[in-house]
1. Return the sequence-ordered ³J(HN,Hα) values of region 153-158 in whole Hz as given by the Karplus equation 6.51 cos²θ - 1.76 cosθ + 1.60 applied to θ = phi - 60°, using x for Gly and Pro.
2. Starting from 0.36 nm per residue, how many nanometres of slack lie between Q10 and E135 once their C-alpha separation is accounted for?
3. Per-residue ellipticity at 222 nm for the chain, helices alone: DSSP H runs ≥ 4 residues times -39500 (n - 2.57), over residue total, nearest 500 deg cm²/dmol?
4. Using θ = phi - 60° and the Karplus curve 6.51 cos²θ - 1.76 cosθ + 1.60, what whole-Hz ³J(HN,Hα) does each residue of region 28-40 get, with Gly and Pro shown as x?
5. What full-extension length gain, to one decimal in nm, is calculated for F144 and R259 as 0.36 nm per residue of separation minus the Cα-Cα distance?
6. Under the definition of Cα pairs under 8 Å and six or more residues apart, what whole-number percent is the relative contact order of region 22-176?
7. Shape verdict for region 1-133, please, from the Cα gyration tensor: rounded (a/c under 1.5), prolate (a/b greater than b/c) or oblate.
8. Angle check, please: helix 44-69 long axis (alpha carbons) against the longest principal axis of the chain (alpha carbons), in degrees 0 to 90, nearest 10.
Amino acid sequence: CVNQLQSNEQGILATDAPEFVHQARVSIRRLRSAIRVWQRHLPAPFVARFDPLWQELARHLGGVRNWDVFLADTAPVLSAAFADRAEDQAKIESLFRYARRRCTSNRQAARAAFKSATYSRLLLDFSAALQALPEAKRGSLGDFVPAWLNKSTQRVKQRAAEAQQGGDDARHRLRLAFKQLRYALEFFSPIFAGPELQNYHQSLTALQEQLGHQNDLAVAMQLVVEALPGRRAEGVHGWLAVQSEALLPELETLLEAFRRQDAPWSAPSP
């Protein structure tokens, strides 16, 4: 995870390409997921010290990513949807100018974070702390892994039920639960084999992508309100809300397909 993060540093510092920011965020999410998976086996001071530091670095990248996605994915659709009326088009152009300014300022802040002594110290201290961790007690992964994945799956099911009755916040919590389950499954994938793992992972990925689309729309609605204060945001905000609602039937279909999947850690070994 740290290697993946460092491999994207130069791209973040030298270019405006969104993919470097995206991959850096993924690496931090995977790292924090690994800390959560092994939290009960890690010293409490280690977790308490480093998890918030990684979270803070991710926050610097999050602002850039939100505006990157808005400009790359949402802006073209909005431009087409509001192209008929000059008044609407002027509003959209004002929105895009604001978005570009905010994206630039957030990118500058992210670059400053990566150039800082705080970031260099985090890498050094985290690597040293990892090397200094006491040797783990011997135990069976065959017992630990299924128990952890079952607990994570129960969390997903609970949040799925909440998402069916809730709104964007509930779906966001479901998306995070799916991510944590998916990353953990990828960590432990060498233990499992067979089509069950592939099918389960594909179902998880499809759900994450669908929830990601809905989250992008939810974030876009927040950004529009920021960029167009007062009633100026109403038309654009309402249009985005309609697009989000239109995705709900597909989400329910994907959730039902996921519920039918056999857990690969419960499948018999070949």
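Rule-based calculations on the coordinates, nothing more; no lab input. The shown structure was predicted, so the numbers you read here are calculated from the model rather than taken from an experiment. Note that each Cβ is placed from the backbone with ideal geometry, even for glycine, and that neighbours are counted across all protein chains shown.
1. Using θ = phi - 60°, the values come out as 5, 4, 5, 4, 5, 5 Hz.
2. The span from Q10 to E135 would gain 41.6 nm if fully extended.
3. -27000 deg cm²/dmol
4. Per-residue couplings from phi come out as 5, 4, 5, 5, 5, 5, 4, 4, 5, 4, 9, 4, 5 Hz.
5. Gain in length upon complete extension: 39.1 nm.
6. 21 percent
7. prolate
8. The answer is roughly 30 degrees.
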